[in-house]
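The values are calculated or read from the model by the stated rules, or taken from the named source; none is laboratory data. Here the structure is a predicted model, which means the values were calculated and not measured. Don't worry about glycine lacking a Cβ; one is built from the backbone with ideal geometry, like all the others, and counts go over all protein chains shown.
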Amino acid sequence: MNACLRSNNRLFPPWVNERANGHRVSERKPSTTGKVIFAAVALWSAFSVRAETGTEAGPSAGQLSLRVVSVVDRFPPYEDFCRRQPDECDLSGDTVAIHSPELIRKLIVINASVNHEIRFALDASQYGSEEHWALPVSGYGDCEDLALEKRSRLAKFGVTRGALRLAFVFHKRHLNSHCVLTIETSRGTYILDSFTDEVFRWDRVLYNFEARERSDGRWDRFDQTGWSYEY
């Protein structure tokens with residue numbers, strides 16, 4: 001079973017996904033191909049055309065804005081990762097990245113590259129533990145490992161760490177929990193997802209948002225009473 005997909009309360013914090021019914025789906029992993037960068041650049045070109053024709057929101061529109069019901073500490077496996085690699089959990093710097101074609105190009109190229117380079121593996125098979133967060137240095141990992149790797153690479157390319165925050169989401173159609181990387185930009189909050197090589201704004205994906213990391217390292221837990229589903 002994919003460790004990124006919730007089937008019991010042990011895989012995610014107890015405050016996550018109170019409305020989940022335990023359904024599961026399998027994670028799609030794209031096949032490795034030498035054409036990934038070419039495809040990512042093609043996606044960037046298409047995105048740029050949409051932005052230039054006015055379909056992208058203006059400054060400050062599209063920011064992730066949901067009612068926060070509580071602020072909680074890090075999930076223990078993530079806290080353990082941060083103790084082992086504190087630099088990777090540094091969220092200092094500007095909390096909003098300036099939206100630009102160059103930034104979008106970086107997001108799409110790195111999202112697609114990591115999705116194609118890292119193959120899915122259970123934490124139990126790699127580490128002998130049901131839940132273990134780590135950078136996927138072995139070439140294998142699950143959804144949170146890919147999200148951490150994307151943040152690490154983007155930071156090395158100069159993207160402000162304060163804008164790069166993890167989030168737990170719940171798919172409206174497949175009914176599974178998942179971990180993604182979000183980036184807060186001057187034109188909205190964007191999602192880097194292991195299920196797709198494209199980069200979408202948060203309000204254009206089929207996810208309910210369970211919780212998101214704050215720049216101070218704690219997590220905002222969002223109201224779930226207004227969640228919607230697609231069957």
(request) Check off (1) more than 23 Å from ASP80 (Cβ to Cβ); (2) modelled with pLDDT of 95 or more; (3) surrounded by fewer than 23 Cβ atoms within 10 Å (Cβ to Cβ) for ILE183 and give me the number that stays unchecked. (result) (3)
(request) Go through the residues of segment 90-101 one by one and say whether even a single one is modelled with pLDDT of 95 or more and either part of a helix (DSSP H, G or I) or at positive phi (or both). (result) yes
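Going by what's in this entry, would PHE209 be described as of a type in the set (Phe, Trp, Tyr), buried (at least 21 other Cβ atoms within 10 Å of the Cβ) and under 14 Å from CYS4 (Cβ atoms)? Steps first, please.
Details: of a type in the set (Phe, Trp, Tyr): yes; buried (at least 21 other Cβ atoms within 10 Å of the Cβ): yes; under 14 Å from CYS4 (Cβ atoms): no.
So PHE209 does not fit the description; no.
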(message) Pairs please, first residue from segment 125-137 and without any contact (Cβ under 8 Å) to a residue 40 or more places away in the chain and farther than 13 Å from PRO76 by Cα, second anywhere and among the hydroxyl-bearing types (Ser, Thr, Tyr) and assigned to a loop (DSSP other than H, G, I, E, B), Cβ atoms under 8 Å, 6+ apart in sequence or on different chains.
(response) GLN126/SER138
(request) Confirm whether THR189 is under 15 Å from ALA97 (Cα atoms), touching a helix residue (DSSP H, G or I) at 6+ places or on another chain (Cβ under 6 Å) and of a type in the set (Ser, Thr, Tyr). (result) yes
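In segment 194-231, which residues are out of contact with any helix residue (DSSP H, G or I) (no Cβ under 6 Å at 6 or more places or on another chain), polar (S, T, N, Q) and farther than 15 Å from HIS178 by Cα? Don't jump to the end; show me each part of the working.
Within segment 194-231, the subset out of contact with any helix residue (DSSP H, G or I) (no Cβ under 6 Å at 6 or more places or on another chain) is 195-196, 200-214, 216-231.
Checking which are polar (S, T, N, Q) leaves us with 196, 208, 224-225, 228.
Passing the criteria: GLN224, THR225, SER228.
Of SER152, SER138, which residue is of a type outside the set (Phe, Trp, Tyr), more than 10 Å from the chain's Cα centre (by Cα), surrounded by fewer than 21 Cβ atoms within 10 Å (Cβ to Cβ) and part of a helix (DSSP H, G or I)?
Details: SER138 fails: part of a helix (DSSP H, G or I).
Selected residue: SER152, the only one of SER152, SER138 that is of a type outside the set (Phe, Trp, Tyr), more than 10 Å from the chain's Cα centre (by Cα), surrounded by fewer than 21 Cβ atoms within 10 Å (Cβ to Cβ) and part of a helix (DSSP H, G or I).
Looking only at strands (runs of 3 or more DSSP E) that fall completely inside segment 173-231, which ones have 1 or more residues that are at positive phi? Let's see the steps before the verdict.
On the way: elements: 177-185, 188-192, 207-213, 219-222.
Filter on segment 173-231 gives 188-192.
Which count do you get for residues in segment 107-129 that are of a type outside the set (Gly, Ala, Ser), part of a helix (DSSP H, G or I) and surrounded by 20 or more Cβ atoms within 10 Å (Cβ to Cβ)? Steps first, answer last, please.
Kept after step one, since they are of a type outside the set (Gly, Ala, Ser), are these residues of segment 107-129: 107-111, 114-120, 122-123, 126-127.
Right, trim to part of a helix (DSSP H, G or I) and you get 107-111, 114-117, 123, 126-127.
Then drop every residue that is not surrounded by 20 or more Cβ atoms within 10 Å (Cβ to Cβ), which leaves 107-111, 114-116, 123.
The total comes to 9.
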